[in-house]
Amino acid sequence: MKQYDIAAYVWPAYTGDEPRARIFWPEGMGEWQSVKSAEKKYPGHLWPRRPLWGYVNEADPYVMDMEIDAALSHGVNVFIYDWYWYDRRPFLENCLNDGFLKAKNSGNMKFYLMWANHDAGVLWDKRNSRDLDTVVWQGSVDRAEFERAMSRVIERYFSLPNYYTIDGRPVFMIYDVPKLAQGLGGVEATREALDWFRSTCVKAGLPGLHLQFTMWNSAFTNLSGADGSKTVLAEAFGNLGFDSCSHYQYVHFTDIDRDYLDVLADVEKEWARLEKALPFPYFPHVSVGWDNNPRFIDFRPGILKNCTPGNIEKALRLAKAYADRHPDQPPLITVNSWNEWTESSYLEPDDLYGYGYLEAIRRIFKEE
């Protein structure tokens, strides 16, 4: 059977072990606090939902041992950890360091990092969800801070035997390239910083670096509440020397306030467009859903509808077909998400569909 790399993004906020997280979630259970307090906003709204595994601490290696087993047995074999660097230090890194990497079976599961370099505002604090303009920490960094942060990534993660690589090179994804360029001082300065990043990897004994970025397009609207305004630098990505890209969410390129199958038609069109436009591989992406009302007191418009396991299975089959049509690139498929509960886009089992999403992956990538 052909092996596919099914890579699910991990939002590392479901723990109370990060002291700085208490300013957003004072109950000490991370963003489970918002999931636990989520309410139905209108008749037929598919909230509240409850995790079948409970409000577990995902910085606990025993919890992650269970989750890794569940992921692998259903065909998810890569985790893409959202990784943060705010105020000259990492944020929410303990889910990776203390949970995943200390789990006894973590060596069976690959992982890589996506630097979620957007600004941190009050979005994560439901009490202040009517004031999204307040910035707590800036996501942009200057060159000196870029080198500090990337040096940590190289030293702590890139040489680990289960770090995901392409052609032997560790894969590192950057969420917000425009924000990166803003902090570093423009496209040319960003190119110089990324060249330093690559050369430093080689000096550390690595065969190089595979740089990946999150794709946006001109249809972007800030429904997430976290992403701010966006100047899309697609024309500059080739000049910056990136090796590949994927998406993080359907919400970044299409109107998601529709039926899932209607959105899926636009997804196919976007893949076809990128296939022709990009000078490097695009890895197909599947989003499980979108509804971030659990983060808000008031109703938040923009909800992806009919995100049933059957419809998600259709999206996964399209992604598999795309990967099969591109045998010259690794069979990597990204999925949002393993656990984005407050955005209603997760694979973890709940009281609505049970293990339905994971079973859809297993049918396609393990059984057939």
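Please indicate, with yes or no, whether at least one residue in the stretch 79-89 is assigned to a loop (DSSP other than H, G, I, E, B), surrounded by fewer than 18 Cβ atoms within 10 Å (Cβ to Cβ) and among the basic types (Lys, Arg).
yes
Consider the stretch 297-346. How many of its residues are in a loop (DSSP other than H, G, I, E, B), aromatic (Phe, Trp, Tyr) and touching a helix residue (DSSP H, G or I) at 6+ places or on another chain (Cβ under 6 Å)?
Within the stretch 297-346, residues that are in a loop (DSSP other than H, G, I, E, B), aromatic (Phe, Trp, Tyr) and touching a helix residue (DSSP H, G or I) at 6+ places or on another chain (Cβ under 6 Å) number 0.
In the stretch 155-164, which residue that is touching a strand residue (DSSP E or B) at 6+ places or on another chain (Cβ under 9 Å) and surrounded by fewer than 19 Cβ atoms within 10 Å (Cβ to Cβ) is farthest from VAL78 (Cα to Cα)?
Only one residue tops the list, namely SER159.
Exactly one of (1) free of Cβ contacts under 8 Å to residues at least 60 places away in the same chain; (2) assigned to a helix (DSSP H, G or I); (3) closer than 15 Å to TYR346 by Cβ is unmet by ALA70. Its number?
(1)
Just need a number here: residues in the stretch 28-47 that are without any contact (Cβ under 8 Å) to a residue 24 or more places away in the chain, over 17 Å from ASN94 (Cβ atoms) and in a loop (DSSP other than H, G, I, E, B).
4
Search the stretch 290-332 for residues being touching a Phe, Trp or Tyr at 6+ places or on another chain (Cβ under 6 Å) and touching a residue at least 60 places away in the same chain (Cβ under 8 Å), and hand back the single one that is surrounded by the most Cβ atoms within 10 Å (Cβ to Cβ).
LEU332
When you go through (1) buried (at least 18 other Cβ atoms within 10 Å of the Cβ); (2) farther than 30 Å from GLY75 by Cα one by one for PHE172, which number turns out not to apply?
(2)
Would you mention how many residues in the stretch 129-179 are modelled with pLDDT under 95, in a helix (DSSP H, G or I) and of a type outside the set (Lys, Arg)?
Number satisfying all stated conditions: 2.
The values are calculated or read from the model by the stated rules, or taken from the named source; none is laboratory data. Remember, predicted model here, so these are calculated numbers, not experimental data. Reconstructed Cβ throughout: ideal geometry from the backbone, glycine too, with neighbour counts over all protein chains shown.
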